[in-house]
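As structure tokens, the structure follows; a few thoughts come after it.
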Amino acid sequence: QETAIDFGGLRQDTTQPVEVASDALEVNQSDGTATFSGNVVVSQGAMRLSAGRITAIYAGEASAGRIRELRAEEGVTLVAGEDAAEAQSAVYDIDEGSVVMTGDVLLTQGPTALSSERLVIDLVNGTGSLEGRVRTIFETGER
Amino acid sequence: MATFDNRHSRQVALLKVALPLIALAILSTLFLLADRRGSGDRIPYSQLELDRIVAEQRISNPNYSGVTPEGDAVTLASGSVRPDPESPEEMIASDLIGTIETPKGERILLSAETGSFRSGSDVNLTGDVRLRSSAGYRVESDGMVLDAETGTVSSDGAITAIVPPGRIDAAAMTLTRGADGFVLRFTGGTKLLYYPDAGKGD
């Protein structure tokens, strides 16, 4: 089933500059694929997405330089405001402004934590939806 | 000169003298007005330049070309090459231009103010070093080392690269030959700045 979540902290303008920092970046000249490796951090506006490895996929010709999406692998963490989501991998479609996280997704919003198989975040209007077996984990101990 | 009674003979006698004189005059002015351009071309080096070339054993606009194991053509051309005053067995080239071209036509253009040929096939490029690739990458740095035998380039310092998606800053860069083309590797901490809305209009 699907659970809708409000990501207030994530509503942002997706045409803001995207900065991708990493230890190393390898660019294959012939097909233009760019692979960032080594604690990669993508930041745009208030959103930080960190992963072990990120590959940039181009829209159309590589030399046109339009990045369509960033594929993050090897453990992904997305932080925005006090919301945080972890998963095995994620795809951030820059033009559409959507982040799709898959594989043991764990979403923590303040005290509550939700886990599921898939989390789709819409950055344009700051909403998200958890799909697959959604389990809620309540913070039971006193803070 | 014989005198003649009729006008015709006198005219002929007069012309016999006047016409050759006119011809002589035309002939002599001919060389006077001839244009001088072709004559006396000097060699394009002044005496001072010649002395300097001899003194420094300088070779002017030399070029080198070779082929790497992968079959890429490496060419180097420069304004002039002369031995390094401190260590004579090393050569220093000024305004060096290098190209590396793969059989498929992918090209890398290198330019630098000076290039010093140290040991082996390494060429140290210094002074406003630029690398441009046919895929639209422009890398700038203060120093790069080109290995002319393998056609690989590595920067020995921080670099800034203008690339199709945006701009990359990194601590170091190497350009090597992958299976099907050049591979640019930025290391030591890299940062890409990408502007999504750039080019959205077109």
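The values are calculated or read from the model by the stated rules, or taken from the named source; none is laboratory data. Owing to the predicted nature of the structure, the values given are computational and were not obtained by experimental measurement. Positions of Cβ are generated from backbone atoms using ideal geometry, with glycine treated the same way; all protein chains shown enter the neighbour counts. Ligands, DNA and RNA are excluded from the accessible area calculation, which covers all protein heavy atoms including side chains. Shrake-Rupley method; radii C 1.70, N 1.55, O 1.52, S 1.80 Å.
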Taking the simple approach of a point 7 Å from Cα along Cα-to-Cβ for both B:T150 and B:S65, what is their distance in nm?
2.5
Send over the semi-axes of chain A's equivalent ellipsoid, whole angstrom and largest first, taken as the square roots of 5 times the C-alpha gyration tensor eigenvalues.
28, 15, 14
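Taking every pair of distinct Cα atoms and averaging 1/r, then inverting, what Kirkwood hydrodynamic radius in Å comes out for chain B?
Result for chain B stands at 22.1 Å.
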For B:175-188, mean number of other protein chain Cβ atoms within 10 Å:
4
Return the sequence-ordered ³J(HN,Hα) values of the stretch B:44-49 in whole Hz as given by the Karplus equation 6.51 cos²θ - 1.76 cosθ + 1.60 applied to θ = phi - 60°, using x for Gly and Pro.
x, 10, 7, 4, 4, 4
Taking the mean number of other Cβ atoms within 10 Å as a proxy for protection, how do you rank B:170-180, B:57-67, B:12-22 from highest to lowest?
B:170-180, B:57-67, B:12-22
By average Cβ neighbour count within 10 Å, what is the ranking of B:76-88, B:145-157 from highest down?
B:145-157, B:76-88
If you place +1 on the Cβ of every Lys and Arg and -1 on the Cβ of every Asp and Glu, how big does the dipole about the Cα centre of chain B come out, in debye to the nearest 20?
1400
Hey, got the average number of other protein chain Cβ atoms within 10 angstrom for residues in A:28-39?
5
Cut-off under 5 Å, modelled amide H: who pairs with A:G75 long-range
A:G52
Could you give the dipole magnitude of the protein assembly as shown about its Cα centre, charging the beta-carbon of Lys and Arg +1 and that of Asp and Glu -1, in debye to the nearest 20?
2200
Out of B:S134, A:Y58, A:A87, whose Cα points farthest toward the positive end of the dipole of the protein assembly as shown (charges: +1 Lys, Arg; -1 Asp, Glu; placed on Cβ)?
B:S134
Over 13 Å, how big is the tail of the calculated P(r) for the stretch A:90-143, in percent of all Cα pairs?
61
Volume per residue, Å³, of the convex hull around the alpha-carbon atoms of the stretch B:134-196?
92
Nearest-10 value in Å² for the accessible area of B:E90, using the 1.4 Å probe:
40
Any residue on another chain or 5+ positions along whose placed amide H is under 5 Å from the amide H of B:G178 is listed here as B:V183
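I'd like the FRET efficiency for A:T127 and A:E74, computed as 1/(1 + (r/R0)^6) with the beta carbon distance as r and R0 of 41 Å, rounded to 0.05.
Calculated transfer efficiency: 0.90.
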Kirkwood-based shape ratio for the protein assembly as shown, expressed as Rg/Rh from alpha carbons:
1.43
For labels at B:R118 and B:D169 in the simple 7 Å Cα→Cβ model, what's the distance in nm?
2.7
Accessible heavy-atom area order of A:L106, B:L30, highest first, probe of 1.4 Å
B:L30, A:L106
How much of B:I162 can a 1.4 Å solvent probe reach, expressed as accessible area in Å² and rounded to 10?
70
Which of the chymotrypsin sites (Phe, Trp or Tyr not before Pro) found in the stretch A:44-143 are loop residues per DSSP with 16 or fewer other Cβ atoms within 10 Å of their Cβ?
A:F138
Arrange the residues A:I57, B:I26 by how much accessible surface each exposes, largest first, with a 1.4 angstrom probe.
B:I26, A:I57
List, in order, the whole-Hz ³J(HN,Hα) value for each residue of the stretch A:47-54 obtained from phi through the Karplus relation with A = 6.51, B = -1.76, C = 1.60 and θ = phi - 60°; use x for Gly and Pro.
9, 10, 10, 10, 7, x, 8, 9
